[in-house]
Amino acid sequence: MATPTLYLGLGRRLDGPGTSHKRLVPARHLVTHGVVVGMTGSGKTGLLAVTLEEALRAGIPALVIDVKGDLPNLALAPPLGDAEALAPWLEEADGDDERPLGDRVAEAVGARDRALTAWGLGGSEVEAFRARTRVRVLTPGSTAGEPLHVLSSLERRSPLWDVDPESARAALSAAVSLVLRLVGRDPEPARSRDHVLLAVLAERRLRGGQSADLASLLADLERPPIDELGALPLETFLPRSERRSLSVALNTLLASPTFETWRQGATLDVGAWLAPDAEGRTQAVVVSVAHLDDEERALVLGVLLEETLAWVRSLPGSQQLRALVVFDEVYGFLPPHPANPPTKRPLVALMKQARAFGVGVVVATQNPMDLDYRALGNAGVWCVGRLQTDADRARVVDGLTGGGVDRQATRKLVDTLGRLAPRWFVLRDAHDGDEPGLLQVRSTITLLRGPMTRGEMRRVAGAA
Amino acid sequence: MSLTDIQTTTNSTATQTKTIHSTDKDTTTMNPADPQTSATQSPVDSAAIEDRFISAFKRREGAIAAVPADALQSLNLDVPTVYTTIVGAVPHLQSLRSDLTKSLPGFDLSLIDGLVDDALALGSAHARWKIATEMGASLPEMMAEATRQRDRLYLHAQALVDVGLFQQSSLDEIKRTGSYRGVAFEVISLVQLFSDGWARVSAKTAITSADVLAGSDAADRLTAAVAERDAQPKASAAAAVTRQKAFTLLAQHYDRVRQAVSFLRWNEGDADVIAPSLYAGRGNGNHKSNKAAEPAQPGGAVAPPASPTTPIMPATHTVDPKALADAGLPGASPYLS
C-alpha cells in the first residue's frame, strides 16, 4: 500500500527564486512528531486544521486537544456552494457592514468555493471528506458537547490492569488527582497523603477485579481494609479524623449535581475513539477544555494523556502513522524544568515513545520558550510562523536547521521568521534531509472561524 | 557597544570565514581575533585587535571626512551586524574577481579590497560615538544614591526640628523634588544645615559626621555628572556625524559592489546570497514586494513569486489589508508588506 501523503499547501525554497510546488508530507514522517510555533495570527490553528483534515482524508484517526475552543470547528464541513449549511456559522457582521444576511452568505460561499478550488479541492473532495470522516466534540465537565466520564479509569476497571499495570497505575493516579482537585485538596501525587491513600485503596480494588467507584472508596475510608501504609500504621499515616474529613468531602462531591457532569458520558477509551465508527468512517475526537479553569484543564488533560499513553503502549509496533495526537496551544502544559503539571509526564513520554507504535504527536504554541527541550528535541517536523521576539526566533532556529546551517544562513532564517505573512511557515522535515523551505498553508475544508461557544457546540452535537 | 562587542562578533565571523575561504589572508589566517589563533597566543592580543579598528579608521579618515553632508545616509542598522555581513561577504566577493574583470572591465576591484577597511573604520567610529553617548549612563545610579542620602538626612533633621534643635523654616526649602539638580541642591542644603549646627546636635542624633560627608560627596558627584551631561551633546554630536559618514562611505562602496554582483549573477539569482543587503529585514519603504504573484494552481507550474531573497520591507511590518485578503490564495507573498 502506498504511503499516504498530507497535502499541506504550496512549498517554496527559502533561498533563491524558484517556482512553488505542491507540498506533500508523507504521513509516516509525523511519527517523529511535529511542532508548530508562531505568534498569534500566524495561522497555527489553520495549519493544524489542514494537517488534521489531511490525516482524516488519508484514513488516519486523530485525538485533538483543544484549549481555545477553535478546533471543534473541524466538525463544520458544509458542502461547496451550500449557502443554507454555511449561513448558521457565519460570523456576526461588523458595525460597518449593513448588507442583508443573504448577501453576506452568498459572498462567504463564493469566497470559500474560490479558495478551495484554487487549491485544487473541489466539490468531490469536500463530499468525500464529509462522507468518510466523523468528528466528535467531547466536553469534560460540561454537557455543551458530548460529556466525558473523566473518572472512568477510576470507576470502570480497565483491562490494562491485567497486561500493563504501570500504565494503568499512571492513569489511576491522574484520576485521583482530579478527584482531589475537585474537592479542593492537594492533588500532587508525590506530596499529598490523601492521594497516596486513595490511590492505594483504588488500586487494591481494581487489581482484585472490582471497580473503584467513589462510593466504594468512601466505604473503604470508613472501614479501611489495610492496617499499614508503607512502613507506618495507617493511623499514623492518616489518622481517623483526617480520613473522616476526606470521606465527608468525597461524599459532598458525590452528592453534588455539578459533579454528575464529570461522571457521565463517553468512557475514556482512546482505543475505541480512534477506531473506525460503525459506518466505517475515520474518527477525529476533539476534547475541548476551553470552558474549564487552568487547574481543571491540567488535571483533566493529565487524565486524558495518561490514558492515551496507556493505549499507545498497548499497540503493536509500526513504522506507519497509525493515529495523530494534536495539542493546540500547549503553552503551560509542557513547560521546561522544573515546572511539572500533570500533562507533562505523559506528553514527554508520548513524544519519546509513541513513534515506535506509529502514533504521532503534533503540538502548537505561540511561546517556544515554554516548551520542554526534550519534547522539542524529539520533533522531526517543524513549522514555524512569524515570531515577534529575537528570543523566540533564536529558540526555534536550532530545531529548524538541525544545528547544521552556517551563521549567515541562520541569520537569514531568523530574519525571515520575523517577517512571515499570516499562513506562511518555515517548514523543516528532518526525514527529507532538506534544508528548511517556505510553506503556504492551503485553505481549510472545514470552517476556520473563531472559538466555538457552548451553544454552538450543542448545535454541533445535536446535528451529529 | 564597544570595540569588545565588535571583537566578539569578529571572532565567530572569522571562524566561519576560515572555513569558507581558507586561503584568504586578510580575513582569516592573519586575523588576530581568530579564536584558533589566539588559543596559541596567550594572552589574546586585544591591543592588536583594537589597533586594527583604529588603524583602519586612520586609513579611511580622509575619505570619511570628505563625505558631503547632503549625501549622508541615516544609520538605523545594528553596526556589529553590518560589520559581520561585510566580513562574511568579502571572501565570496574575492572569488568573483576574475569573473568581474571579464564581464565588467571598468569595475574598480579596489572597492572589494577596501570593504573590510571600510567596515573596521565604521566599527571604530561607532565605538567612539558609543563612548560619547554613554557618558551620562551612570546618572540614574548617582541620583538614587543622592536621593537616599537626602531622605535620610531629612528624616533626622525633622526629628531635630521636633525637639527644637533645628528651625522648621530650615527644612521648608527642602521640597524633596525629583530632578537631578533639585536633589543635589537639597542634599547640599541638608549637609550645610547639619554642618552649621553640628556642635549642637551631634550628641542628639543618629547621623554621624561620616553620614554628612557621604551626603556631601553624593551631591558633588551628582552635580559634576549633570554638568558633564550638559556638555555632552557637542561631543556626541560630532561623534555621531563621523559615525554616519563612515557608514555612508561603507554603504556607497558596498552598493556599487552589489550592483556589479547582481549584473554578474543575474541568471543564477544568487546575488543576495553572495552579497546580502545591509537592510535585509529592515526595509526602505520600497513596496515592490507588495506585488504578489498571480494566483496559480497548486498542482501545476506556479509563477515565481516576488523573490524571497530580496525582501524589502518597511521597518514597522504593517499589514496591508489587500495582502491579507489575498493571503488565503495560492501564490500570495510570503512576507508582510
Considering only helices (runs of 4 or more DSSP H) wholly within region A:377-464, the ones with at least 1 residues that are at the interface with chain B (Cβ under 9 Å from one of its Cβ atoms) and either of a type in the set (Val, Ile, Thr) or open to solvent by less than 40 Å² (accessible area, probe 1.4 Å) (or both) are A:407-417
Flag for A:THR5 being open to solvent by 20 Å² or more (accessible area, probe 1.4 Å), in contact (Cβ under 8 Å) with a residue 12 or more places away in the chain, polar (S, T, N, Q) and under 23 Å from A:LEU116 (Cα atoms) | yes
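Quick check: anything in region A:109-130 assigned to a strand (DSSP E or B), over 18 Å from the mean Cα position of the chain (by Cα), surrounded by 15 or more Cβ atoms within 10 Å (Cβ to Cβ) and at negative phi? Walk me through how you get there before you give the answer.
Restricting attention to region A:109-130, the residues satisfying the condition of being assigned to a strand (DSSP E or B) are none.
Within region A:109-130, none of the residues are assigned to a strand (DSSP E or B), over 18 Å from the mean Cα position of the chain (by Cα), surrounded by 15 or more Cβ atoms within 10 Å (Cβ to Cβ) and at negative phi.
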Over region A:17-60, the set of residues open to solvent by 10 Å² or more (accessible area, probe 1.4 Å), more than 20 Å from A:VAL286 (Cα to Cα) and within 14 Å of chain B (Cβ to nearest Cβ) is A:PRO17, A:GLY18, A:THR19, A:HIS21, A:LYS22, A:ARG23, A:LEU24, A:MET39, A:THR40, A:GLY41
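Can you go through A:VAL361, A:VAL330 and tell me which one is among the hydrophobic types (A, V, I, L, M, F, W, C) and either out of contact with any Phe, Trp or Tyr (no Cβ under 8 Å at 6 or more places or on another chain) or within 14 Å of another protein chain (Cβ to nearest Cβ) (or both)?
On the way: A:VAL361 fails: either out of contact with any Phe, Trp or Tyr (no Cβ under 8 Å at 6 or more places or on another chain) or within 14 Å of another protein chain (Cβ to nearest Cβ) (or both).
Exactly one of A:VAL361, A:VAL330 is among the hydrophobic types (A, V, I, L, M, F, W, C) and either out of contact with any Phe, Trp or Tyr (no Cβ under 8 Å at 6 or more places or on another chain) or within 14 Å of another protein chain (Cβ to nearest Cβ) (or both), namely A:VAL330.
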Residue hits (region B:89-105; of a type outside the set (A, V, I, L, M, F, W, C) and in contact (Cβ under 8 Å) with a residue 40 or more places away in the chain) are B:PRO91, B:HIS92, B:GLN94, B:SER95, B:ASP99, B:SER103
Take A:SER177 and decide whether it is more than 24 Å from A:PRO341 (Cβ to Cβ) and open to solvent by less than 50 Å² (accessible area, probe 1.4 Å).
no
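Answer yes if at least one residue in region A:75-84 is among the acidic types (Asp, Glu) and outside any helix (DSSP H, G or I), and no otherwise. Please lay out each step first, then the result.
Filtering region A:75-84 for residues among the acidic types (Asp, Glu) gives A:82, A:84.
Pick out the ones that are also outside any helix (DSSP H, G or I) and you get A:82.
Checked region A:75-84: at least one residue is among the acidic types (Asp, Glu) and outside any helix (DSSP H, G or I).
Quick one: which of A:LEU268, A:LEU292, A:LEU229, A:LEU238 is touching a Phe, Trp or Tyr at 6+ places or on another chain (Cβ under 8 Å) and closer than 25 Å to A:GLY184 by Cβ?
Working: A:LEU268 fails: touching a Phe, Trp or Tyr at 6+ places or on another chain (Cβ under 8 Å); A:LEU292 fails: touching a Phe, Trp or Tyr at 6+ places or on another chain (Cβ under 8 Å); A:LEU238 fails: touching a Phe, Trp or Tyr at 6+ places or on another chain (Cβ under 8 Å).
Answer to the selection: A:LEU229.
Considering B:LEU155, B:LEU193, B:LEU213, B:LEU222, which residue is open to solvent by less than 20 Å² (accessible area, probe 1.4 Å) and either in contact (Cβ under 8 Å) with a residue 60 or more places away in the chain or more than 30 Å from B:ALA65 (Cβ to Cβ) (or both)? Full working, then the answer.
Numbers: B:LEU155 fails: open to solvent by less than 20 Å² (accessible area, probe 1.4 Å); B:LEU193 fails: open to solvent by less than 20 Å² (accessible area, probe 1.4 Å); B:LEU213 fails: open to solvent by less than 20 Å² (accessible area, probe 1.4 Å).
Exactly one of B:LEU155, B:LEU193, B:LEU213, B:LEU222 is open to solvent by less than 20 Å² (accessible area, probe 1.4 Å) and either in contact (Cβ under 8 Å) with a residue 60 or more places away in the chain or more than 30 Å from B:ALA65 (Cβ to Cβ) (or both), namely B:LEU222.
Looking at region A:139-150, is at least one residue among the hydrophobic types (A, V, I, L, M, F, W, C), part of a loop (DSSP other than H, G, I, E, B) and closer than 18 Å to A:GLY271 by Cβ?
Residues of region A:139-150 that are among the hydrophobic types (A, V, I, L, M, F, W, C), as a first pass: A:144, A:148, A:150.
Subsequent filtering for residues that are part of a loop (DSSP other than H, G, I, E, B) retains A:144, A:150.
Subsequent filtering for residues that are closer than 18 Å to A:GLY271 by Cβ retains A:150.
For region A:139-150, residues among the hydrophobic types (A, V, I, L, M, F, W, C), part of a loop (DSSP other than H, G, I, E, B) and closer than 18 Å to A:GLY271 by Cβ: present.
Within region A:184-240, track down each residue that is assigned to a loop (DSSP other than H, G, I, E, B), among the hydrophobic types (A, V, I, L, M, F, W, C) and open to solvent by 60 Å² or more (accessible area, probe 1.4 Å). Spell out the reasoning first.
Let us first name the residues in region A:184-240 that are assigned to a loop (DSSP other than H, G, I, E, B), namely A:184-192, A:208-213, A:223-227, A:230-231, A:238-239.
Filter again for among the hydrophobic types (A, V, I, L, M, F, W, C), leaving A:190, A:212, A:226, A:231, A:238.
If the condition is that a residue be assigned to a loop (DSSP other than H, G, I, E, B), among the hydrophobic types (A, V, I, L, M, F, W, C) and open to solvent by 60 Å² or more (accessible area, probe 1.4 Å), then A:ALA190, A:ALA231 are the ones that fit.
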Residue hits (region A:126-138; under 15 Å from A:LEU52 (Cα atoms) and either among the charged types (D, E, K, R) or within 14 Å of chain B (Cβ to nearest Cβ) (or both)) are A:ARG130, A:ARG132, A:ARG134, A:ARG136
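Starting from residues that are of a type in the set (Gly, Ala, Ser), outside any helix (DSSP H, G or I) and open to solvent by 60 Å² or more (accessible area, probe 1.4 Å), keep the ones in region B:83-119 and report whichever is nearest to the other protein chains (Cβ to nearest Cβ).
Looking only at region B:83-119, we keep the residues that are of a type in the set (Gly, Ala, Ser), and these are B:88-89, B:95, B:98, B:103, B:106, B:110, B:114, B:119.
This time we only want the ones that are outside any helix (DSSP H, G or I), so: B:95, B:106, B:114.
Imposing the further condition that a residue be open to solvent by 60 Å² or more (accessible area, probe 1.4 Å) reduces the set to B:95, B:106.
On the way: B:SER95: 15, B:GLY106: 28 Å.
Among those residues, the one meeting the criterion is B:SER95.
The values are calculated or read from the model by the stated rules, or taken from the named source; none is laboratory data. No experiment lies behind these values; they were computed from the predicted model shown. Positions of Cβ are generated from backbone atoms using ideal geometry, with glycine treated the same way; all protein chains shown enter the neighbour counts. Areas reflect the complete protein model, heavy atoms only, side chains present, ligands, DNA and RNA absent. Shrake-Rupley method; radii C 1.70, N 1.55, O 1.52, S 1.80 Å.
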